[in-house]
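Trainee: Let me give you the structure first, and then I'll get to my questions.
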Amino acid sequence: MATSKDPQYILRYFDRIGVAEGSKLLLSAANVEWIEEHPEWPQEKPNQPFGRMPVLIEKHVDDTDFVICESGNIERYLARAYGFIPSDIRQAAFQEQLRDQASDMFAAFISQLVAKSEEDRRENFAKFDGLLDKLVEVQTKQINANGNNGHLFGDKLSYADIVTYAFYKIIVVGMVKRQANIVDIVRPKLTPQLIKLITAVEANPLLSSYMTRSDSLAAVVTKPTSARL
Amino acid sequence: MLSGSDTVYVLRYFDVIGRAEGCRLLLTAANASWTEEHPEWPAEKANQPFERLPVLVERSNGNEWILCESLTIERYLARVFGFMPTDLKQAALQEQMADQQADLLSAFFAQLTATGDMKPKQIDEFNTLFDRMVKEHGRILSRSSSKQHLFGDHLSYADISLYAFYKLFIVYLKCYQSDIAEIVKSKLTPKIINLILSIEKEPQLAPHFSKCDTMAAIFTAKDF
């Protein structure tokens, strides 16, 4: 039987910075009791609702757990439950759109990472590069429209801020072991507005406990490029 | 219903089923004032907010709002027109299904474009995932009080999303892979086929079928 000391949430994922990062940030910012589980893989695959991770388990005191999967879905659920997505439907959609766009960019990144032939790799990289440029453009436009105050919308940490931060972190910090040059590809493209947002997210008091356990993305993106040293 | 009676929508997409069918079905089921635009492509690419389609344009009281990303548009329309539950957990269960379906589309293209020794692996992954999706649809249906709806006893976002998903795989994707419709049909259970056909008969969706065929003719007595 769940007690007040038991976690309210269990997030199951691999022990790495990947598509669950947004959920980790949201759980931390929500200031709920939560733990991470890193199931043996692929042994535990059949035991997940859709054979995939991440999975979110919400524990209830009467032992009826609420279990959901799909990274974007988990993020939106937590963001709505804890007030990081506005209740206005249109404002919510504008924020969700940014997440889906970042996710498109990440899918394109993966395509160029896993491409087998040199020709495919070049073609897929061009698609990723173009999409990244476009994403930076739309994010920067929104930040400017919001007064360049370190937030995409309003003046508080929002779902949009968190997922925007998360996707850059996945690529620039999480994936660097698989593609060493990705930092030098992404970093120069980040506008001052995006760097300000990334810095502001990390400095937000709601994420202070998250930052004690996680590498800094801001440190990577504000480092001088090797060409300038 | 949260949309004013003077609100009009424009759905911009290619003139294909593709990734816009859920949006079309939602606008139809909502009895919204809407039209479709098929922008010249790639000439109009640079004029779209993210250089991609679909795009939803909403016009009301002299204002214009633009939204892109197919699933964001679907969830937005579903909420505006009352097809998404207001309960967060119930909404998450419906959105989860739609996201899983989107994973299937990605897996389809991954196995289509895979080469060498990755090809059989990706085909296997796609088939496993599709079987799991059908099982998941069956599981949701078995917990529903109605056999004609996935959740509750009214047409919901999940019903519309499921219908668009199967239409995509059975009617549309053969333009990429000629045998995909037969592969998918062989995986369907009679209960799922019945659900697809029940959704198709929803009166709210009737106007949709003035512009395209139903799937009823595709399933024969052998499938039941």
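Trainee: In segment A:63-86, is there at least one residue being of a type outside the set (F, W, Y), farther than 21 Å from A:Y168 by Cα and away from every other protein chain (no Cβ under 14 Å)?
Mentor: Checking segment A:63-86: at least one residue is of a type outside the set (F, W, Y), farther than 21 Å from A:Y168 by Cα and away from every other protein chain (no Cβ under 14 Å).
Trainee: Moving to a separate point now. Can you tell which of A:D155, A:D184 is closer than 20 Å to A:Q97 by Cα and either without any contact (Cβ under 8 Å) to a residue 40 or more places away in the chain or surrounded by fewer than 17 Cβ atoms within 10 Å (Cβ to Cβ) (or both)?
Mentor: A:D155
Trainee: Ok, one more. What's the number of the only condition in (1) within 12 Å of chain B (Cβ to nearest Cβ); (2) in contact with a strand residue (DSSP E or B) (Cβ under 9 Å, 6 or more places away or on another chain) that A:L98 fails to meet?
Mentor: Of (1) within 12 Å of chain B (Cβ to nearest Cβ); (2) in contact with a strand residue (DSSP E or B) (Cβ under 9 Å, 6 or more places away or on another chain), only one is false for A:L98: (2).
Trainee: I've got another one for you. With the condition being within 23 Å of B:R79 (Cα to Cα), touching a residue at least 24 places away in the same chain (Cβ under 8 Å) and of a type in the set (A, V, I, L, M, F, W, C), I'd like the helices (runs of 4 or more DSSP H) fully within segment B:98-201 carrying at least 1 qualifying residues.
Mentor: Values: elements: B:118-143, B:157-167, B:180-187, B:190-200.
Passing ranges, in order: B:118-143, B:157-167, B:190-200.
Trainee: Residue under question is B:F108, and the condition is that it be modelled with pLDDT of 95 or more, more than 10 Å from chain A (Cβ to nearest Cβ), out of contact with any Asp or Glu (no Cβ under 9 Å at 6 or more places or on another chain) and within 19 Å of A:A108 (Cα to Cα); does it hold? Working first, answer last.
Mentor: Details: modelled with pLDDT of 95 or more: yes; more than 10 Å from chain A (Cβ to nearest Cβ): yes; out of contact with any Asp or Glu (no Cβ under 9 Å at 6 or more places or on another chain): yes; within 19 Å of A:A108 (Cα to Cα): yes.
When the stated conditions are applied, B:F108 passes them.
Trainee: Which ones in segment A:107-123 are assigned to a helix (DSSP H, G or I), aliphatic (A, V, I, L, M) and in contact with a helix residue (DSSP H, G or I) (Cβ under 8 Å, 6 or more places away or on another chain)?
Mentor: Listed by number, the residues that qualify are A:A107, A:A108.
Trainee: What single numbered condition from (1) out of contact with any helix residue (DSSP H, G or I) (no Cβ under 9 Å at 6 or more places or on another chain); (2) surrounded by 15 or more Cβ atoms within 10 Å (Cβ to Cβ) fails to hold for B:Q148?
Mentor: Looking at each condition in turn, B:Q148 falls short on (1).
Trainee: A further question on this structure: Just to verify a result, which residue in segment B:72-91, among those that are hydrophobic (A, V, I, L, M, F, W, C) and under 14 Å from B:L27 (Cα atoms), is nearest to the other protein chains (Cβ to nearest Cβ)?
Mentor: The selected residue is B:V80.
Trainee: Then there is this: Within segment B:87-140, track down each residue that is among the acidic types (D, E) and open to solvent by less than 60 Å² (accessible area, probe 1.4 Å).
Mentor: Scanning segment B:87-140 gives B:E95, B:D99, B:D103, B:E136.
Trainee: Quick test for you: out of A:V172, A:V220, A:V201, pick the one residue that is within 14 Å of the chain's Cα centre (by Cα) and over 20 Å from A:L27 (Cα atoms). Outline the logic, then answer.
Mentor: Numbers: A:V220 fails: within 14 Å of the chain's Cα centre (by Cα); A:V201 fails: over 20 Å from A:L27 (Cα atoms).
Residue meeting the stated conditions: A:V172.
Trainee: Also, I was wondering about something else. Contact list please: Cβ distance under 7 Å, first residue in segment B:1-14 and within 14 Å of B:G62 (Cα to Cα), second residue modelled with pLDDT of 95 or more and in a loop (DSSP other than H, G, I, E, B), pairs at least six apart or on different chains.
Mentor: B:Y9/B:A32
Trainee: Quick check on this structure: which one of A:D120, A:D104 is in contact (Cβ under 8 Å) with a residue 24 or more places away in the chain and open to solvent by 20 Å² or more (accessible area, probe 1.4 Å)? Full working, then the answer.
Mentor: Working: A:D120 fails: in contact (Cβ under 8 Å) with a residue 24 or more places away in the chain.
Sole residue among the options that is in contact (Cβ under 8 Å) with a residue 24 or more places away in the chain and open to solvent by 20 Å² or more (accessible area, probe 1.4 Å): A:D104.
The values are calculated or read from the model by the stated rules, or taken from the named source; none is laboratory data. Please read all numbers here as calculations on a predicted model, not as lab measurements. For neighbour counting, all protein chains shown are included, and Cβ atoms are generated from backbone atoms with ideal geometry for every residue, glycine included. The accessibility values were calculated without ligands, DNA or RNA, using every heavy atom of the protein model including side chains. Shrake-Rupley method; radii C 1.70, N 1.55, O 1.52, S 1.80 Å.
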